[in-house]
Amino acid sequence: MHIGKIIKKLRGEMTQAELAKRAGLNFSTISLIESGLRTGKISAHLKIAKALGITLSDLYKDFDSPTPPILEVTSKKQEQAGRVPRDLKGCER
């Protein structure tokens, strides 16, 4: 199942607008992810998971790929230095 279908299933009776507000995201972001037109950034997934009261692991457990969506590292220097991209600060374990 793609990430959008998972989010739609997990939000249950909650509307896209309500999820967007709780997650601090634009309605269009939720709509595009749920429709499968976009996968969204991992930072958006984290916000959605928090708004749903679940972990990223819970969000990704029904994902139909051997691995969850891959974080696109915007800078090779960040990757080589082992730095965490700014939108993931505070997500480290």
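Just checking, how many residues over region 21-35 are under 13 Å from the mean Cα position of the chain (by Cα) and within 9 Å of ALA51 (Cβ to Cβ)?
3
Looking at region 2-20, which of the residues that are of a type in the set (D, E, K, R) and surrounded by 14 or more Cβ atoms within 10 Å (Cβ to Cβ) is nearest to ALA49 (Cα to Cα)?
Only one residue fits best here, namely ARG11.
Of the residues that sit in region 21-39 and are closer than 16 Å to ASP62 by Cβ and surrounded by 14 or more Cβ atoms within 10 Å (Cβ to Cβ), which one is modelled with the lowest pLDDT?
By that ranking, first place goes to THR39.
Among what's in region 67-93 and is aliphatic (A, V, I, L, M) and assigned to a helix (DSSP H, G or I), pick the residue that is modelled with the lowest pLDDT.
Only one residue tops the list, namely LEU88.
The values are calculated or read from the model by the stated rules, or taken from the named source; none is laboratory data. Remember, predicted model here, so these are calculated numbers, not experimental data. As a convention, Cβ positions derive from the backbone with ideal geometry for all residues, glycine included, and neighbour counts pool all protein chains shown.
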